[in-house]
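Notes to accompany the following structure.
The values are calculated or read from the model by the stated rules, or taken from the named source; none is laboratory data. It should be emphasised that the depicted structure is a prediction, and the values quoted were computed from it without experimental measurement. Methodologically, a virtual Cβ is constructed for each residue, glycine included, from the backbone with ideal geometry; neighbour enumeration extends over all protein chains shown.
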């Protein structure tokens with residue numbers, strides 16, 4: 001199992017907080033679970049991740065962060081009792097927890113030599129269906145927590161090939177949290193998010209949590225027309241995540257789906273001339289804006305933010321496929337281009353990905369579902385479309401992978 005290291009990745013910036021005009025002298029407390037996102041990029045896509053906005057006190061029309069709260073717990077904000085199915089997974093933010101800068105590590109890519117017939121993954125009684133021709137499969141009859149190392153290797157291969165794989169009737173949420181982490185740690189070093197909540201004592205788990213109140217949705221859509229925010233997770237890290245796991249804890253009966261886009265197919269749809277021109281270019285991916293956004297709201301920042309340059313066209317180590325490695329959440333500029341040129345090219349590329357419904361898949365959540373995707377060749381977005389008041393609560397295990405690299409263009 002790879003060691004757990006205090007790195008911090010993902011995208012977390014509350015995009016909206018409910019504010020109310022109150023009579024002078026009155027005080028109320030509001031917390032809003034929303035999708036976080038980085039500062040608006042020069043593109044139609046922005047990165048977001050569900051998280052609770054920082055606790056604040058509203059006085060009159062002014063929002064004042066409570067400076068006395070050093071450890072914030074959702075369970076406390078719900079009055080010490082909760083309807084959450086997995087209360088030990090409710091978010092906690094600790095302002096006093098700090099982590100050092102990440103150090104480079106050697107990533108072992110388990111799927112490279114895996115058996116492509118999947119005998120240890122798709123055994124007797126299992127069934128697999130494609131969600132779409134180019135991206136997504138759904139598997140039943142397989143228990144991820146029981147896989148042998150050979151089965152885990154084949155899982156990495158299948159996810160690299162299909163980009164996102166949905167597993168139903170899983171027990172990962174019911175295991176002790178450390179056992180779930182031990183399973184995920186096989187695929188790489190655990191990443192710790194810099195600003196989002198985590199279960200108490202388990203910073204390696206990134207939590208997605210919305211309590212379902214209609215006021216949250218109203219806040220999210222107050223200054224935008226859609227909740228869709230395509231992103232790839234924490235690409236500002238030198239070694240961004242690879243095989244990634246998202247475990248459902250609570251979900252609306254209808255709504256709250258997650259959409260995924262295939263960046264390999266997005267690359268393949270480009271003209272040969274543009275593909276050739278994009279090779280050799282690098283883009284800056286930055287976590288600075290995310291950290292600053294959290295600081296401005298008195299949120300946690302567990303590690304100083306970083307920026308890294310990555311190839312615009314990335315090669316996958318298992319499949320050898322090339323993919324657009326760009327997203328609206330963290331990709332800030334293209335190295336060597338003037339600002340207007342960089343902004344225009346990034347806007348085209350992220351818009352191209354977001355419009356490609358013919359290389360996207362939509363996953364509907366159900367209890368005990370686990371979704372596994374390859375963060376190196378996909379982007380995703382939660383869909384905040386339910387008004388039933390139901391909770392949406394998920395836990396993400398985020399193993400880091402190799403330093404992104406590219407191979408020469410081949411016509």
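So which residues in the stretch 243-269 are buried (at least 17 other Cβ atoms within 10 Å of the Cβ) and in contact with a helix residue (DSSP H, G or I) (Cβ under 8 Å, 6 or more places away or on another chain)?
Within the stretch 243-269, 243, 245, 247, 248, 249, 261, 262, 263, 265, 266, 267 qualify.
If you check residue 277 against the conditions, is it over 25 Å from residue 137 (Cα atoms) and at pLDDT below 95? Show your work before the answer.
Values: over 25 Å from residue 137 (Cα atoms): yes; at pLDDT below 95: no.
When the stated conditions are applied, residue 277 does not pass them.
Being within 13 Å of residue 243 (Cα to Cα) and in contact (Cβ under 8 Å) with a residue 60 or more places away in the chain is the filter here; which residues of the stretch 138-165 pass it?
Taking the stretch 138-165 and keeping what is within 13 Å of residue 243 (Cα to Cα), we get 152-165.
Once the filter is applied, which keeps residues that are within 13 Å of residue 243 (Cα to Cα) and in contact (Cβ under 8 Å) with a residue 60 or more places away in the chain, the stretch 138-165 yields 155, 156, 157, 159, 160, 161, 163, 164, 165.
Only one of 363, 350, 326, 301 is buried (at least 16 other Cβ atoms within 10 Å of the Cβ), within 18 Å of the chain's Cα centre (by Cα) and within 30 Å of residue 69 (Cα to Cα). Can you tell me which?
On the way: 363 fails: within 30 Å of residue 69 (Cα to Cα); 350 fails: within 30 Å of residue 69 (Cα to Cα); 326 fails: within 30 Å of residue 69 (Cα to Cα).
On inspection, the qualifying residue turns out to be 301.
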